[in-house]
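The values are calculated or read from the model by the stated rules, or taken from the named source; none is laboratory data. Please read these numbers as outputs of a predicted model, since none were measured by experiment. Glycine also receives a Cβ, built like all others from the backbone with ideal geometry; neighbour counts cover every protein chain displayed.
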Amino acid sequence: MDRPPATRTPTPDLTPTQRDPEEESVHRALEGYYRTGTPPWDTGVTPPELVDLVEGHDALPPGRALELGCGTGTNATYLARHGWEVAAVDLIDHAVDQAREKAAAAGVTVRLLHGDATRLDELDVPGPFDLFFDLSCYCGIPLHRRDAYAAGLTHRAAPGARLLMFGYGPEPLGNPIHDVTSWAAGVTADELRARFPGWELIDVTPGTNSVPTFWFTLRRDA
Ligand SMILES: C[S@@+](CC[C@H](N)C(=O)[O-])C[C@H]1O[C@@H](n2cnc3c(N)ncnc32)[C@H](O)[C@@H]1O
C-alpha cells in the first residue's frame, strides 16, 4: 500500500452547513432514531408503488434516479438492481453508512451521499435525473426549507422527470417536538402544487396507513 505523503496539500475550507434551531432539532431526533437501533420506518421492504413504477405495466425505462432521505438504502439498492444509475442522499451519517453496506452486499453501485436534500448544491449531484424518489423525507423537512428542496429538484430534473413521493398528511402524529412545526404540518397536494411550479401533480393516491398518508406523483414539464 502507498504510504501517505509526509505533507498534505491543504484542502479548501468548506463552509459548514448552518442549521437553524428547528433544523438542529430535526437532526438530533433523526440521529437518535438511527443510533438507538432500527428506526420504526426501516422495514427493508420496497413499497409496491415504487415496484410498479419500475417493473409494472407502464414502467419507466431505467435512467438516472436520485433518492432523497434514503435511510439505510433499501430502495436505492432496489433501483440499482433494476438497472437505474442511482444517487441517494441522507442527512444522517449512520444511515448512509448502513446504506453503503446494503448496496455493497447486493453487489450494486449506488452513489451514497451524506448531506441535506434542501442543500443539493453542496453535493456533487448535478443530474439531470429522470426519477426522484422520496419516501417520507419531505414531509418531515422544516417548512422554511421546502422551497429550497423543490428548487434543488427542479434544477436537476430532466424534461418529463417524475417525482414519486410518500408523505404523511397534516397532524397524524401530533407534534412530538414543539419547535419542529413541519412534523405536524405533513404534506398536502395543495402545498406541492404551490411549491413545485413547472411540475404537474399527476396522481394522488391515499396510503394504507391508519393515519392520513399519500403517494404523490409529479411530472416535470417537458
Ligand atoms: C422517515 S425516514 C425514511 C427513510 C427511508 N426513506 C425509509 O423509508 O426507510 C426519513 C429519512 O429522511 C432523512 N432526512 C430528513 N431530512 C433530511 C434532509 N433535509 N436531507 C436528507 N435526508 C433527510 C432522515 O435522516 C431519514 O432517513
Matching residues, the stretch 30-69, being in a loop (DSSP other than H, G, I, E, B), away from the ligand (no atom under 11 Å from the Cβ) and modelled with pLDDT of 95 or more: Gly56, His57, Ala59, Leu60, Pro61, Pro62, Gly63
Of all residues making up the stretch 117-132, the number that are touching a Phe, Trp or Tyr at 6+ places or on another chain (Cβ under 9 Å) and either without any contact (Cβ under 8 Å) to a residue 60 or more places away in the chain or buried (at least 24 other Cβ atoms within 10 Å of the Cβ) (or both): 3
The stretch 70-83, residues that are surrounded by fewer than 22 Cβ atoms within 10 Å (Cβ to Cβ) and not in a helix (DSSP H, G or I): His82, Gly83
First in the stretch 69-95 and closer than 19 Å to Gly37 by Cα, second anywhere and away from the ligand (no atom under 12 Å from the Cβ) and outside any loop (DSSP other than H, G, I, E, B), Cβ under 6 Å, 6 or more apart: Gly73/Ala103
Checklist (1) over 14 Å from the mean Cα position of the chain (by Cα); (2) assigned to a loop (DSSP other than H, G, I, E, B) applied to Ala104, failing item: (2)
Test: Ala222 is surrounded by 15 or more Cβ atoms within 10 Å (Cβ to Cβ) and among the aliphatic types (A, V, I, L, M): no
Subset of the stretch 107-121 (residues that are under 27 Å from Val51 (Cβ atoms) and either hydroxyl-bearing (Ser, Thr, Tyr) or in a helix (DSSP H, G or I) (or both)): Thr109, Leu120
Matching residues, the stretch 122-152, being over 20 Å from Thr181 (Cα atoms), in contact with a helix residue (DSSP H, G or I) (Cβ under 8 Å, 6 or more places away or on another chain), within 13 Å of the ligand (Cβ to nearest atom) and not in a strand (DSSP E or B): Val125, Gly152
Of all residues making up the stretch 86-101, the number that are assigned to a helix (DSSP H, G or I), in contact with a helix residue (DSSP H, G or I) (Cβ under 7 Å, 6 or more places away or on another chain) and not small (Gly, Ala, Ser): 1
Among (1) modelled with pLDDT under 95; (2) surrounded by 12 or more Cβ atoms within 10 Å (Cβ to Cβ); (3) within 28 Å of Arg19 (Cβ to Cβ); (4) not aliphatic (A, V, I, L, M) - the single one Gly174 does not satisfy: (2)
